[in-house]
Amino acid sequence: MTFELSDRVQTVPPSGIRRFFEIAEERDDVISLGVGEPDFATPWAARDAAIASLEQGKTSYTANRGKRELREAIADYVADRFDLGYDPGEEIIVTAGASEAVDLAFRAFVDPGDTVAIAQPAYISYEPGVIFAGGDVLPVPTTEEDEFRLTAKALEAAGAADADVLVLCYPNNPTGAIMPAEDLEPVAAFAREHDLTVLSDEIYAELTYDGEHTSIATLPGMRERTIVFNGFSKAHAMTGLRLGYALGPADAIGAMNKIHQYTMLSAPTTAQHAALEALDSCEDDVREMIAQYDRRRQFVLSRFREIGMDVFEAKGAFYCFPEVPDGFTAEEFAEEVLREQGVAVVPGDVFGEGGAGHLRISYATGLEDLRRALNRIEAFVEEHA
Ligand code: PLP
């Protein structure tokens, strides 16, 4: 017997990134610049708090929206770091990773037939999430010319004026682009003018290397139409603990909680204890990791320039997005550099429109491996380009 799969599931192609991991897994000499995951372990104090919570038998569900203490700590943290004011009682929900928060938002705000504009290149989960929720995706390509920032012009040109929801992610995966306040203003004005709900994925907010991160929710008239996603996976190196959160007006977070309480009940309890400690005492560890990412970023950008590959000045997250040399598609380059030199990178096409002709390079890898990987890429380019 074969299962009757839903149309929604059948519509979504398998992840374009996985194929490269499968090739990479066949050999043991591969240096991976492919994964978007910190190479650091979770800070010790947070791990200790998780262990202690287990020793004390704190293994029950928490409140659906997350431990009150954690929501209070999140409210203080986002107020302090990003000037965001949210009430821990009704305007914050703790989720199983930012991933769950994104999925809840699509299911809470998208009706079948609604249009969700997505600034691309984009994190690979948004488009499937919209399709699973029954919505239609409207890609809004950003370009290297605009430093991969979203512009009102691009929104207009893509027809986003008729969309219902807009998804943006800055600092960006996969480009490493950031959006300073003056560039967010026209996007906010567009959202207000066309009455768009804005979903702003700010999971890389701490990883901003030039100036301070600005949340679009802090701009005039935006708080009431914006949901902000953040979490502990990236800056706090807690990917496997699966903890994120969403911030938004009470009615919106209440709607997301309605889905969450039937599908997830509560985010992982042990991880909530770790996260509380991470916010309480791990700031120095976070600063140290950010300093290391920044050193790697500068090294990787300068090496690509030495190699003769064009690369725009990525200023956030832990990715850069060089152009492939003439004569290759991104897919060909990624496949051949993996086979010939054992370096795994991701072709930009998998991140949607605007990604073609680029590679996503993750520098969430130690400097020594980055050095070796870039030497191998240099050898490959010298031989073929
Ligand atoms: N949002 C973006 C932009 C990401 O890059 C990722 C992970 O790569 C996530 C969300 C998922 O984060 P989490 O581990 O909190 O689910």
Look at Gly66 and say whether it is more than 30 Å from Pro322 (Cα to Cα), within 22 Å of the chain's Cα centre (by Cα) and in a loop (DSSP other than H, G, I, E, B). yes
Could you list all residues from segment 164-183 that are surrounded by 23 or more Cβ atoms within 10 Å (Cβ to Cβ), away from the ligand (no atom under 11 Å from the Cβ) and of a type in the set (A, V, I, L, M)? Val165, Leu166, Ala177, Ile178, Met179
So, in segment 224-244, how many residues would count as being near the ligand (Cβ under 9 Å from one of its atoms) and either more than 14 Å from Thr95 (Cα to Cα) or under 13 Å from the mean Cα position of the chain (by Cα) (or both)? 8
Of the listed residues (Val286, Val300), the one being in a helix (DSSP H, G or I) and crowded, with 24+ Cβ neighbours inside 10 Å is Val300
All conditions in (1) in contact (Cβ under 8 Å) with a residue 12 or more places away in the chain; (2) in a loop (DSSP other than H, G, I, E, B); (3) under 30 Å from Ser362 (Cα atoms); (4) more than 20 Å from the chain's Cα centre (by Cα) are true of Asp28 except (1)
Any hit, segment 307-316, residues being of a type outside the set (Lys, Arg), more than 14 Å from the ligand (Cβ to nearest atom) and assigned by TED's automatic domain parsing to the domain that holds Arg81: no
Could you grab the pairs with beta carbons closer than 8 Å, sequence gap of 6+ or different chains, first residue in segment 169-185 and on the phi > 0 side of the Ramachandran plot, second one within 13 Å of the ligand (Cβ to nearest atom) and not in a loop (DSSP other than H, G, I, E, B)? Gly176/Gly316; Gly176/Tyr319
Of all residues in segment 1-25 being among the β-branched types (Val, Ile, Thr) and closer than 26 Å to Thr365 by Cα, the one that is surrounded by the fewest Cβ atoms within 10 Å (Cβ to Cβ): Ile23
Anything in segment 124-148 that is away from the ligand (no atom under 16 Å from the Cβ), in contact with a Ser or Thr (Cβ under 7 Å, 6 or more places away or on another chain) and either closer than 28 Å to Ala235 by Cβ or of a type in the set (A, V, I, L, M, F, W, C) (or both)? List them, or say none. Ile131, Leu138
Could you tell me which of the residues Ala41, Ala96, Ala79 is loosely packed, with under 14 Cβ neighbours inside 10 Å, modelled with pLDDT of 95 or more and within 16 Å of the ligand (Cβ to nearest atom)? Ala41
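Quick grid of which residues meet (1) surrounded by fewer than 19 Cβ atoms within 10 Å (Cβ to Cβ); (2) not in a helix (DSSP H, G or I):
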| residue | (1), (2) |
| --- | --- |
| Val102 | no, no |
| Ala105 | no, no |
| Ala108 | no, no |
| Ile118 | no, yes |
| Glu127 | no, no |
| Gly134 | yes, yes |
| Glu145 | yes, no |
| Leu150 | no, yes |
Those residues of segment 328-347 which are farther than 19 Å from Ile31 by Cβ and either in the same structural domain as Ile124 (by TED's automatic domain parsing) or touching a strand residue (DSSP E or B) at 6+ places or on another chain (Cβ under 6 Å) (or both), in sequence order: Glu331
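Please indicate, with yes or no, whether at least one residue in segment 365-384 is more than 17 Å from Ser32 (Cβ to Cβ) and of a type in the set (Phe, Trp, Tyr).
no
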Matching residues in segment 145-168 - criterion: being small (Gly, Ala, Ser) and either under 19 Å from the mean Cα position of the chain (by Cα) or on the phi > 0 side of the Ramachandran plot (or both): Gly159
Got at least one residue in segment 327-336 being of a type in the set (Val, Ile, Thr), within 27 Å of Gln120 (Cα to Cα) and in a helix (DSSP H, G or I)? no
Glu277 versus (1) surrounded by 17 or more Cβ atoms within 10 Å (Cβ to Cβ); (2) under 23 Å from Ala177 (Cβ atoms); (3) acidic (Asp, Glu): which is the lone unmet condition? (2)
Across segment 188-215, the tally of residues that are surrounded by 16 or more Cβ atoms within 10 Å (Cβ to Cβ), away from the ligand (no atom under 11 Å from the Cβ) and small (Gly, Ala, Ser) stands at 3
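Output the residues belonging to segment 103-123 that are more than 23 Å from Gly159 (Cβ to Cβ) and either touching a Gly at 6+ places or on another chain (Cβ under 6 Å) or within 16 Å of the ligand (Cβ to nearest atom) (or both).
Within segment 103-123, Asp103, Leu104, Arg107 meet the criteria.
The values are calculated or read from the model by the stated rules, or taken from the named source; none is laboratory data. These figures come from a predicted structure and were not determined experimentally. As a convention, Cβ positions derive from the backbone with ideal geometry for all residues, glycine included, and neighbour counts pool all protein chains shown.
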